[in-house]
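Chemist: Handing you a structure now.
The values are calculated or read from the model by the stated rules, or taken from the named source; none is laboratory data. Because the structure is predicted, anything quoted here is derived from the model rather than measured. When we count neighbours, we look across all protein chains shown, and the Cβ atoms used for this are built from the backbone with ideal geometry, even at glycine. With ligands, DNA and RNA removed, areas are computed over all heavy atoms of the protein, side chains included. Shrake-Rupley method; radii C 1.70, N 1.55, O 1.52, S 1.80 Å.
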Amino acid sequence: MQKTLQKTFKDGKDVVIYADHRELTSRTAAILKKHCQLREQQLEVADYLLSDRVACERKTSRDFVMSIVDRRLFSQLSSMKQFPNPLILIEGDEIYETGINVHPN
């Protein structure tokens, strides 16, 4: 069983991830396409569904800060609570250099 599982994840042929149709132009989607089957779907919650237990919301560092300011992040994360393992992926390391005037705390 373990060898089959390793092969499945090693070659990526049996790994299926659902991506919201608005995510298909992102760099994350391009990387995922190389390693698994990425299927387009209009998702009501999250940007990616990795399984029936794992949902992932992807944000650039600027969008992350903006979603805190406009309080969108809190409703998005609340919606993701229906999944046992929600994730948030923040791309970029310039959270404090987004040009948005917010306190680092």
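Chemist: For the range 25-82, how many residues are assigned to a strand (DSSP E or B) and either at positive phi or open to solvent by less than 20 Å² (accessible area, probe 1.4 Å) (or both)?
Modeler: 5
Chemist: Which residues, counting only those in the range 83-97, are over 18 Å from Ala29 (Cβ atoms), surrounded by fewer than 16 Cβ atoms within 10 Å (Cβ to Cβ) and under 14 Å from the mean Cα position of the chain (by Cα)?
Modeler: Asn85, the sole residue that qualifies.
Chemist: Scan the range 73-94 residue by residue and report those that are basic (Lys, Arg) and touching a helix residue (DSSP H, G or I) at 6+ places or on another chain (Cβ under 8 Å).
Modeler: Going residue by residue through the range 73-94, those that are basic (Lys, Arg) are 81.
Within the range 73-94, none qualify.
Chemist: Here is a list: Arg62, Arg58. Which entry is out of contact with any strand residue (DSSP E or B) (no Cβ under 8 Å at 6 or more places or on another chain) and more than 21 Å from Asp14 (Cα to Cα)?
Modeler: From the options Arg62, Arg58, the qualifying one is Arg62.
Chemist: Could you list, in sequence order, the residues of the range 3-24 that are modelled with pLDDT of 90 or more and open to solvent by 100 Å² or more (accessible area, probe 1.4 Å)?
Modeler: Selection gives Arg22 alone.
Chemist: Of everything in the range 86-100, what is in contact with a Lys or Arg (Cβ under 6 Å, 6 or more places away or on another chain) and either modelled with pLDDT of 95 or more or assigned to a loop (DSSP other than H, G, I, E, B) (or both)? Give them in sequence order.
Modeler: Residue satisfying the conditions is Thr98 alone.
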